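This report refers to the structure that appears directly beneath it.
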Amino acid sequence: MGGAATLAQSVSAVRAGGHVSLVGAMTGRSGELPLASVVAKQVRLQGLTVGSRAVQEDLVRGLEASGIRPVIDRTFALEDLAEAFAYQKSGRHFGKIVVTI
């Protein structure tokens with residue numbers, strides 16, 4: 001599915017006053033923006049740039065060499081996803097919340 005269809009779907013799915021983040025530019029330098037829906041629903045649209053695949057690979061190599069590992073607070077099974085979101089919302093976690101499939 002192309003980035004433009006995904007953006008339109010995200011704008012359609014987000015609640016009024018919600019926030020949609022557009023990570024990278026999957027459609028290149030241009031794409032359609034469902035402007036009427038964005039305005040009517042008062043959606044906040046934020047563009048985020050990301051580095052290249054080579055930059056990500058360099059980062060992964062650096063992390064592997066350094067031994068740095070993320071702190072995992074708690075792991076949930078996929079069927080306990082609602083509980084995982086409730087735990088995240090509570091703010092009691094320190095580190096990553098992992099969901100396994």
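The values are calculated or read from the model by the stated rules, or taken from the named source; none is laboratory data. Here the structure is a predicted model, which means the values were calculated and not measured. All Cβ positions, even for glycine, are placed from backbone atoms using ideal geometry, and neighbour counts span all protein chains on display.
A few comments on the model shown:
- When residues of the range 4-24 are limited to those that are at pLDDT below 90 and among the hydrophobic types (A, V, I, L, M, F, W, C), the one surrounded by the most Cβ atoms within 10 Å (Cβ to Cβ): L7
- Only residues that are touching a Gly at 6+ places or on another chain (Cβ under 8 Å), within 30 Å of L33 (Cβ to Cβ) and modelled with pLDDT of 95 or more were counted across the range 45-98, and they come to 0.
- The residue of the range 67-101 that is surrounded by the fewest Cβ atoms within 10 Å (Cβ to Cβ), among those that are acidic (D, E) and part of a helix (DSSP H, G or I), is E79.
- Answer from E64, E32 - the residue that is outside any strand (DSSP E or B) and under 17 Å from A8 (Cβ atoms): E32
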